[in-house]
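Below: one structure, written as structure tokens.
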Amino acid sequence: MGNIILFALMVGLASALVLIPFSNRENYGGKVKSLLLIAAIVLFTIVTFAFYYLFNLDRNLSSLWPFAILVAFGGTVFAAGKEQMIKGSLFLLSLLIGVYFMIAFLFNAEEKYETSKMAEKMEISTFDEKETPASVPPHFARNKMKKAFGQVPNTSYYELGNLQIQKVNGEYVYIAPVEFSGFFKWWNGESTPGYFTISATDSSANPKFMKSEMVYTPSSYFNKNIERHIRMQYPEAIFNGEMQLEVDNEGKPYYIRTYGEFISARNGFKVTGVVVVDPDSGDTKAYALADAPQFIDGAVSPEAVSLQNSYYGNYIHGYWNSLFGKTDVKLPSDEGTEAQVSPIFNENGEMYYFTDFTSPKEGVDSMLGYSLTNSRTGKATFYTGNLEESYMDSEGALQIIEKKFIEKKWHGEMPILYNFYGEASWLTSVLDSNGFLQNYFIVSAANPEISVYGNTPNEALRKYKTALQHGGGTVDGSSKAEEKQTSGTVLRVYKEKTGDFTIVSILLDNKKNYIISSETNPLAIYLKEGDQVNIKYMDTGETFLPVKELVIQGL
């Protein structure tokens, strides 16, 4: 608190000295001038304190430029003679600085592009068939948490805070804090009781309420407000993005916020570190990105990544090209789940922010590439995709879903591009009008006519394999799975009608399971227990192995 009082006092003193004339056309007595000066110091100090306390603005001198212009102008008007000339010069200087700050975005576009420049590759690695994508949409997870809010003590005091995905003890989960629902609830409650957690991969999982008292929160007031609390600790820091809750492997919650520096003249942003706060004790510590605690997945805020994507896509040839010629400009999509980006995890459990880029030309839904930004380091890679093929962007995938389920009025949410079996493919959750999850939809980005849906991501993936095999996809050539052959006696057969085709699941006497679609092999519908079969399949390591060829002996 002492820092902001001292800052406000210095601003008040400087402002009063500039505004109050010492020699003017009126013959004020020395006592009157002294009283005016003291009154001005007190007034400016109070106003400055209130402004910076309420809005949590960084307390750098550069943040005062609008205020400096107004005070210098007033001082020039009230002064006379040489004093007016001096204060007039001060006004012109502050005005020039203000103009520089206001038009800096016209000249620092190339610097923004350089700070956001990404490494380039063609395609992401093939998705591991044994894994389950983190595919539960946040809207659905949030709805389930709200329905479980009865687990919270004194429920009427609180509401659900912002959702954040994270890896905890090897599992992908959503975390959402319990927040105060208003000033008087905070006044009476003083602390929040904990947070909710729910699986990000299993849509059937139920949320769990975890007790952990938090005093410093985004919904607290005065010095207990966590944004104000960290501003008091780091008065000159430049923050970007909302406060986010993350928990360590013991379940202890921490609030984090990204900080960095301006590109130039209080314009643009570059990430340099993260502030971590214990919401119970208020202990606060700043870390450079490289030194952030291991349990923190989102050290770089999604808002900062969204800015980086915008710089990279728009400013490749400077600011004016982004408005007029638009040569090589590519626009990041706004279909992400957090600040226009979507968090995903790779095979090593590392979190990345995904964004696809599209053409600035209206009515074009072809994708120009996609980026993955490491959420801990901020390092990004831009994937061009196979340049010989035209990929559909995320908006195009959502439009296909809308048309597919037009009668039911279902819609897609959280489209993510994966490399499924060597085919660039959109995986999207499908929700009804009430926000309840209905199924998972997969569509080829290069061949939109190849699409499937299933009740779970893995079910949709199994169907997608057979659809790719029949529809000319690249599963045969690019999947990591090895092609093998076997033969034996059919012990069990299960047939499931899906659209115009039948999915046939087979258990052989070698105790392995296989799956094939009648779309690939129409004669598979005649398969029965006891048949002798020859099978050519892909050894993906899954419970149900995809069949390429099926021969029923004697048929």
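The values are calculated or read from the model by the stated rules, or taken from the named source; none is laboratory data. All values reported here derive from a predicted model rather than from experimental measurement. Cβ sites come from the backbone with ideal geometry, for glycine too, and all protein chains shown count toward neighbours. Just so you know, the surface numbers come from the protein's heavy atoms only, side chains and all, with ligands and any DNA or RNA stripped out. Shrake-Rupley method; radii C 1.70, N 1.55, O 1.52, S 1.80 Å.
Brief remarks on what is shown
Condition check ((1) over 29 Å from Gln164 (Cβ atoms); (2) basic (Lys, Arg); (3) in contact (Cβ under 8 Å) with a residue 12 or more places away in the chain; (4) open to solvent by less than 40 Å² (accessible area, probe 1.4 Å)) across all residues:
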{"site": "Asp328", "(1), (2), (3), (4)": "yes, no, yes, no"}
{"site": "Asp334", "(1), (2), (3), (4)": "no, no, no, no"}
{"site": "Gln340", "(1), (2), (3), (4)": "no, no, yes, no"}
{"site": "Thr358", "(1), (2), (3), (4)": "no, no, yes, yes"}
{"site": "Lys361", "(1), (2), (3), (4)": "yes, yes, no, no"}
{"site": "Met367", "(1), (2), (3), (4)": "no, no, yes, yes"}
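- One residue stands out in region 172-193 among those that are part of a strand (DSSP E or B) and more than 23 Å from the chain's Cα centre (by Cα): the one that is farthest from Tyr53 (Cα to Cα), namely Pro193.
- Look at (1) assigned to a strand (DSSP E or B); (2) of a type in the set (D, E, K, R); (3) under 19 Å from Ala460 (Cβ atoms) and you find that Lys536 fails only one, number (3).
- The residue pairs whose first member lies in region 56-82 and is closer than 20 Å to Tyr259 by Cα, whose second member is open to solvent by 30 Å² or more (accessible area, probe 1.4 Å) and of a type in the set (Val, Ile, Thr), and whose beta carbons are closer than 9 Å, counting only pairs six or more residues apart or on different chains, are Ser62/Ile97.
- Residue match in region 122-134 (condition: open to solvent by less than 60 Å² (accessible area, probe 1.4 Å), at pLDDT 95 or above and either over 27 Å from Met351 (Cβ atoms) or assigned to a loop (DSSP other than H, G, I, E, B) (or both)): no
- Filter result (open to solvent by less than 30 Å² (accessible area, probe 1.4 Å) and over 18 Å from the mean Cα position of the chain (by Cα)) within region 253-263: Pro253, Ile263
- Residues of region 208-217 classified as surrounded by fewer than 21 Cβ atoms within 10 Å (Cβ to Cβ) and either modelled with pLDDT under 95 or not in a strand (DSSP E or B) (or both), total: 1
- Any pair with Cβ under 7 angstrom, 6 or more apart, that starts in region 405-422 at a residue that is touching a residue at least 40 places away in the same chain (Cβ under 8 Å) and closer than 21 Å to Leu368 by Cα and ends at one that is part of a strand (DSSP E or B) and among the charged types (D, E, K, R): Leu417/Asp356
- Among the candidates Lys379, Lys404, Lys408, the residue that is open to solvent by 50 Å² or more (accessible area, probe 1.4 Å), modelled with pLDDT of 95 or more and in contact with a Ser or Thr (Cβ under 9 Å, 6 or more places away or on another chain) is uniquely Lys379.
- One residue from Lys326, Lys252, Lys270 being at pLDDT below 95 and of a type in the set (Lys, Arg): Lys326
- Among the candidates Val551, Val504, Val490, residue that is within 28 Å of Leu431 (Cα to Cα) and modelled with pLDDT of 90 or more: Val504
- Filtered residues of region 144-163 (kept if touching a Phe, Trp or Tyr at 6+ places or on another chain (Cβ under 7 Å) and polar (S, T, N, Q)): Gln151, Thr155
- Taking first residues from region 283-294 that are open to solvent by 100 Å² or more (accessible area, probe 1.4 Å) and partners that are among the hydrophobic types (A, V, I, L, M, F, W, C), the Cβ contacts under 8 Å between residues at least 6 apart in sequence or on separate chains come to Asp283/Val277; Lys285/Val275; Lys285/Val276.
- Only one entry in Gly2, Gly75, Gly88 is over 35 Å from the mean Cα position of the chain (by Cα) and loosely packed, with under 14 Cβ neighbours inside 10 Å, namely Gly2.
- Restricting region 515-534 to residues that are within 46 Å of the chain's Cα centre (by Cα) and buried (at least 20 other Cβ atoms within 10 Å of the Cβ) leaves a set whose member that is modelled with the highest pLDDT is Ala524.
- When residues of region 342-356 are limited to those that are touching a Ser or Thr at 6+ places or on another chain (Cβ under 8 Å) and of a type in the set (Phe, Trp, Tyr), the one surrounded by the most Cβ atoms within 10 Å (Cβ to Cβ): Tyr353
- Complete set of residues in region 390-408 that are more than 20 Å from Thr355 (Cβ to Cβ), among the acidic types (Asp, Glu) and in a loop (DSSP other than H, G, I, E, B): Glu407
- Number of the exception - Pro177 against (1) open to solvent by 10 Å² or more (accessible area, probe 1.4 Å); (2) on the phi < 0 side of the Ramachandran plot; (3) not acidic (Asp, Glu): (1)
- In region 442-462 there is no residue matching the filter, namely being within 24 Å of Glu303 (Cα to Cα) and buried (at least 20 other Cβ atoms within 10 Å of the Cβ).
- Subset of region 206-238 [of a type in the set (A, V, I, L, M, F, W, C) and free of Cβ contacts under 8 Å to residues at least 40 places away in the same chain]: Phe222
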